[in-house]
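FYI, it's all coordinate maths here, none of it is from the lab. Predicted model only: the values in this text are computed from it and were never measured. Using ideal geometry, Cβ is built from the backbone for each residue, glycine included, and neighbour counts are taken over all protein chains shown.
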Amino acid sequence: MVEAHEPESPAYRSLYRRYRPQLFAEVRGQDHTVLALRNAVKAGTVGHAYLFSGPRGTGKTSTARILAKALNCAAPDEGEPCGTCASCTAIAQGGSPDVHELDAASNNGVEAMRDLVARASLGTPGRWKVYIIDEVHMLSTAASNALLKTLEEPPGHVVFVLATTDPHKVLATIRSRTQHFEFHLLPAPLLAELLEAVRADANLTVPEGGIASAVRKGRGSARDALSVLDQVAVAGAVAQADPDVGDLVDALCERDAGAALVALARDLDAGGDPQQLANDLVEYLRQGFLAMVAPALVEGRAGTDRAKDQATRLGLAGLVRTMEVVGRTQVEMRDALEPRVLFEVALVRLAHPDADDSPAALLERLETLERRVNAPGGGQRSAVPPPSAAFGPPTSLGTATAPGSGPAVPGPAAPGSGPAAAPVPTTGEPRPERGASTQPGAALGAFRASRPAQAEAALPADRAAMPSGRPDPPVPVADPPEQTVEAASGSMPTRDDIVQAWGDTILPSLTGRAKARYRAGHFAALDGDVASFALPDPVHRDMCETCREDVEAALTAHFGTRIRIRLTVDETSTGLQRRSPARGPRAATPERDNAADHTDAQDTDIAPSEIEEVLSGDDAGTPADGVAGATPEARLLEAFPGAREVEA
């Protein structure tokens, strides 16, 4: 390590001043810039203007001074200044007339820039005159414009070096006239190597963990890290121990808001700052995040194992949400009167995701549920109870089980075989008991997987006399093949059971014609085994009479007991009475034309598949109730009573 060649002074000089790079070889972490500048000096192709940008403490100004040394050195070696000649010594001491430095942060006015431009053409003892303008982005617009013309066509012996931490704020016209070099933060291993070399060269006594603390607090900046190392060396110990945020993260993992607030109070009462503590918490969580996602990035770091374990307990969604919430809190605390209160509120929200309705909180709650279900034995809490516990003892005839439907469900028993089986309810909740023999039923859909033989066995005996061209409707039943409707002895359902099963299961299973006719009505009452089915008008009632036996068979097969239907007319219904069954043309009236759109919007929807089924004749096998030669219009009007023809 080469110490700066400055005159001895009784005053103590900080490490970052004593060990500022004096040669290109001493600049660490900026190899791309150093190589380009050395080659340019060696080949004599130095540009007239350079722009050095990058974070603070990465060597921008030091590199500009080294470039000035190399341009005016009496005996350069492969583009490297000797560091011992009069010009190099004068530049290192800051008294060379060939180098002019301007701090644009404090001299950003147009007058200062005009004075600099006016003196640019004057000669100096050296071969090159170098102007170093630091924090050039702080120049006013007028000052930048004053510099612009000279920067574009400077005198032949002048080189401008502009340094900035925010190149995007520099005028684009200035950036386009310079060669732009970006300086980067130093990696942690390289920064630790630099600090160790300085400690050895300066013969410093650094306590254990001092260099690691300086590297961590330096955050890639060589100047900041050297300042921390200087502080640690003078104090003989780590000046301020980093707060242990591990206990705070443990409280968040346990969802214990009280413990989190206690840990926060302990760190703040020890002299910590809420803003700095939030920074430390984010950095700690980041280590756990990297240990979970990319372990290679944190190998060998102290405390990584604990951070990784806590990150696993939080889960990836919880970890990301915690980092985001703390990061937003950092921004809010900058302008807050009580930063501590904001920090405490953020911790409570993190400890109780149920109190946070943000998408990140909902995602974390879902991930927690998934981990519980996927854990060994975690899904048993939501498993369906065994048949012995949920449905009582099985019947003597066996059970009806659909593939993949879970536990077996008792089916209806044959006459004389024991207690009657319960009908299939339409919801997952068991229906209230209607008698001593009633057993809780299975969930909706337990008997949906049926075989054609079972459906055939569930039909009434008089269906055998129906025309062979008309197929039987698919009925969702689960009765054993040897059982018939006459043998069914299940408990009689209530009207509410019939209404719910009608809309969920029975109506969708009917044929197209029966479905189209019966969808306009509803079950009004239940008297014994006779269910009153109300229809909007006599036309509907007459049409539904032709399909009544099909519907009775479907009801009987679903509930396991004989149910008959009485078709009635609901005098209070107005839903379809607004349609006229007449098929002739209607007289056009203004009132009717103005209301046409409104009436169409109120009509009952008819699925295109139902219309296609009626037109194709697949439902009945013959057109329009077997009447040969019926037109498609007649078949549609017959299948959908009350419908009317409209012009396209």
### Sequence ranges 261-271, 328-338, 284-294, ranked by mean other-Cβ count within 10 angstrom, highest first
284-294, 261-271, 328-338
### Query
Across all directions of projection, what mean area in square nanometres is found for the Cα convex hull of the range 15-182?
9.0 nm²
#### Entry: Proximal charge balance of Arg177 [Cβ under 14 Å; K/R count +1, D/E count -1]
0
### Message
Cut-off is 10 Å between beta-carbons; in what order do Met492, Met543 appear when sorted fewest neighbours first?
### Response
Met492, Met543
#### Entry: Residue order, fewest to most surrounding Cβ atoms within 10 angstrom, among Tyr12, Tyr19, Tyr518
Tyr12, Tyr19, Tyr518
## Note on the structure
XL table Lys69/Lys217; Lys42/Lys69; Lys69/Lys169; Lys60/Lys169; Lys42/Lys129; Lys149/Lys169; Cα-Cα > 24 Å flagged, in table order, is Lys69/Lys217; Lys69/Lys169
### Task
Note down the nm distance, to one decimal, between modelled labels 7 Å out along Cα→Cβ at Arg119 and at Arg562.
11.8 nm
### Per-residue Cβ neighbour rank within 10 angstrom, fewest leading, Val348, Val228, Val198
Val348, Val228, Val198
### Query
Given labels modelled 7 Å from the Cα in the Cβ direction, how far is it in nm from Glu324 to Val293?
1.2 nm
### Query
So how do 49-57, 103-111 stack up, highest first, on mean other-Cβ count within 10 Å?
49-57, 103-111
### Summary
Answer in debye to the nearest 20: the dipole magnitude of the range 185-270 about its Cα centre, from +1 Lys/Arg and -1 Asp/Glu charges placed on Cβ, is 300 debye
### Task
Would you work out which of Ala202, Ser213, Ala235 lies farthest towards the positive end of the dipole of the range 188-235, given +1 charges on the beta-carbon of Lys and Arg and -1 on that of Asp and Glu, about the Cα centre?
Ser213
### Task
Just name one of Pro538, Val569, Leu555: the one whose Cα is farthest towards the positive end of the charge dipole of the range 531-572 (beta-carbon charges, Lys/Arg +1, Asp/Glu -1).
Leu555
### Query
If the chain between Glu78 and Val348 were fully stretched, how many nm would it gain, using 0.36 nm times the residue separation less the Cα-Cα distance?
91.0 nm
### Message
Sort 62-72, 168-178 by the packing proxy (mean of other Cβ within 10 Å over each peptide's residues), most packed first.
### Response
62-72, 168-178
